[in-house]
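See structure below.
What follows is calculated from the coordinates using simple rules that are stated; it is not laboratory data. Not measured: the values here are computed from a predicted model. So basically every Cβ, Gly included, is an ideal-geometry build from the backbone, and we count neighbours across all protein chains shown.
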């Protein structure tokens, strides 16, 4: 192995390894070309700006789903995710992998959602099967978008804090959308309404 400091940033140590060594160090059967070792972020309370939207994930258990939600949030300029304590771990290898690097730019805060939502001062939108058509929602300047569990949706405890129920209209025969797909549709409509 070759070991040397990166010329552009003395804080980054670069170590070259063989393909076999990289394969042995990672969590997956087939690894990418690079493995990074980084300091974990602290679990800090999220304070949104007066004109900012945040994403709330209520019991998102599937790591691939959570990683994709992080990536989607990054795509749509959402910098903060508030997650229930039961949601998948931010540092699960599948979360990191499916976020495709967006975990570096999006902050996630694990907390009791009922405690967090009871103190909020902005509109809280929640995704339901029987809400207002998301294509017709006039989103406020700032707020929170709540995405529920893959199978059960938004929990009864969190539902209590929802100000506006929204839904994605169904045109075909599919039974449901997964949580990440629903997040993408809602955030796309949010950003289009803010133009």
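I want the antiparallel fraction of DSSP beta bridges within the chain, as a percent rounded to 5.
Values: 5 of 27 bridges.
The answer is about 20 percent antiparallel.
Grab the DSSP H runs of the chain that are 4 residues or longer, score each as -39,500 (n - 2.57), total them, divide by all residues and round the 222 nm result to the nearest 500 deg cm²/dmol.
-7000 deg cm²/dmol
Springs between alpha-carbon atoms under 10 Å, Gaussian network over the chain: tell me which of 85, 52, 16 tops the mean-square fluctuations.
16
Give the peptides 97-103, 59-65 in descending order of average Cβ contacts within 10 Å, highest first.
Numbers: 97-103: 18.1, 59-65: 20.3.
For the peptides 97-103, 59-65, the packing ranking is 59-65, 97-103.
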